1. Hey, any idea what % of the stretch 10-66's accessible area is carbon plus sulfur with a 1.4 Å probe?
2. Taking the stretch 352-435, which trypsin sites (Lys or Arg not before Pro) meet the DSSP loop condition and have no more than 10 other C-beta atoms within 10 Å?
3. Quick one: net charge around ILE167, please, counting Lys, Arg +1 and Asp, Glu -1 for every other residue with C-beta under 11 Å from its C-beta.
4. For LYS100, what accessible area in Å² do you get when you roll a 1.4 Å probe over the heavy atoms of the protein chains, rounding to the nearest 10?
5. Identify, among LEU53, VAL38, MET333, the residue whose Cα sits farthest towards the positive end of the charge dipole of the chain, taking +1 on the Cβ of Lys and Arg and -1 on the Cβ of Asp and Glu, with the dipole about the Cα centre.
6. On the full set of protein chains, 1.4 Å probe, figure out the accessible area of THR174 and give it in Å² to the nearest 10.
7. Would you kindly find the accessible area of LEU411, with a 1.4 Å probe and non-protein molecules such as ligands, DNA and RNA excluded, rounding to the nearest 10 Å²?
8. So if I take the centroid of the Cα atoms in the stretch 168-187 and the same for the stretch 390-412, what is the distance between those two points in Å?
Amino acid sequence: MDVRDETITKHEQLVQHIESLKVGTKISVRRLAKELGVSEGTAYRAVKEAEGLGIVVTKERIGTVRIERKPRNISEQLTFADVVEIVEGHVLGGAEGLNKSLHKYVIGAMKVEAMVRYIDAGSLMIVGNREDAHSLALEQGAGVLITGGFGTSREVKQLADQLGLPIFSSRHDTFTVASMINRAIFDRLIKKKIMLVEDIAGEKPRIHALKSSVTARELIEMAKECGEQRFPVTDEWNRVIGIVGVKDVVGLADNQAIERAIIRNPITATLKTSLASAAQIMMWEGIDFLPIVDRNRKLVATVTRKEVLEAMRNARNQPQLGETFDQLIWNGMAEDRDGEGNLFFNGFITPQMATELGTISQGVLTTVMSQAAFKAAKDISGSDHVLDNLSTYFIRPIQIEDPIVVTPRLLEMSRRTCKMEIEISHQSNLIAKSVMTLQAIDPG
């Protein structure tokens, strides 16, 4: 074992061992522990981390298996294999076609003759135990999902194998599987629009990292050459030990090592950190430079505050598909302005906002007030904000389908912070009130 390997923990060695396994290899915690001479608890934790990394998956009746890591560029289209997993199905035939993408699904609640016009290659027919519909769909180039836990004939299975089109069964009914597939599609759309650090880190040229033995003159020369002002400092194993900037070496002699000027134990992020989280970290810590590290704290990239904010602005200009809970809650609110041009919002309390007791969720009302504050703060300053702290008071109960007015009022604003008072009222009666402090993500 070389010197570098001696510096990593047993846990890291286990994860690296799992990564080195051939795709399709079955993984046993007990066997893994025995092969590498560690406890089963340590082996179990390594397998769980490997699951998080997307290199293994645990399936019922199969066990834990090494798989190919899926690329970040999430496709909006599901594969038949994805659908099998979503609907908890089992494959009856045509397994070779599981990796094919499907572009739509068709519910077979009609006569076979009428189905033909709706089925085409790459679609998925959702139908019950109707073997004539199974054969028709396969012949038209579509996969088949049989609901209700039913099977199909040997002839249909053979046809699926021959055409390389999957036919699989799920115990759920037609409405349930359609809802499950729809939810999965929307989840993918939401994940795709949430940008991660890795989305911008890969576009950058090579990393300019320094060792602690570099002199002040060498740092300044590198800054002039690459145009950067701050640099990560790494040890001999490429682990981040600090950061240093041009301003930090002011006062050092040209031939003096930068070691004394290094800012130790810097804040870092990973490739899987969202850009919004990276922006918040920089804002709260008052920094404009983030080293990006892997699970062993080894340097893989760097990002600046400017790069993060620019990428976030570009992302907002893209079509926004899929809806989060905050967006679903806010959808019923309409924007308006009073005679002085101040922003306020009108809407209704919907049944989805109620708790199981029939009362209106305080969390939902807090979300409504928070969204109103964000929109009002952006209207005033032009910047996006995040919530720093809030104090909320619930004054009176409110009923489903009651109209409400949400009124944000600016109390104080600086370059970085904004303090607002938000009121929810119904027929001029105060329902809830909140005082919030917001932090600007991009103070300009």
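1. Numbers: 1740 of 3420 Å².
So the carbon and sulfur contribution to the accessible surface is 51 percent.
2. Working: sites: LYS375, LYS378, ARG409, ARG415, ARG416, LYS419, LYS433; in loops: ARG415, ARG416.
Passing sites in the stretch 352-435 are ARG415.
3. Working: positive: LYS157; negative: GLU131, ASP161.
For residues surrounding ILE167, the net value is -1.
4. Counting only protein heavy atoms, LYS100 exposes about 90 Å² to solvent.
5. VAL38
6. Ignoring ligands and nucleic acids, THR174 comes out at about 40 Å².
7. 90 Å²
8. So the two Cα centres are separated by 37 Å.
The values are calculated or read from the model by the stated rules, or taken from the named source; none is laboratory data. As the structure is a computational prediction, the values presented were derived from the model and not from experiment. Using ideal geometry, Cβ is built from the backbone for each residue, glycine included, and neighbour counts are taken over all protein chains shown. Each accessible area value is taken on the protein alone, full model and side chains, heavy atoms only, with ligands, DNA and RNA left out. Shrake-Rupley method; radii C 1.70, N 1.55, O 1.52, S 1.80 Å.
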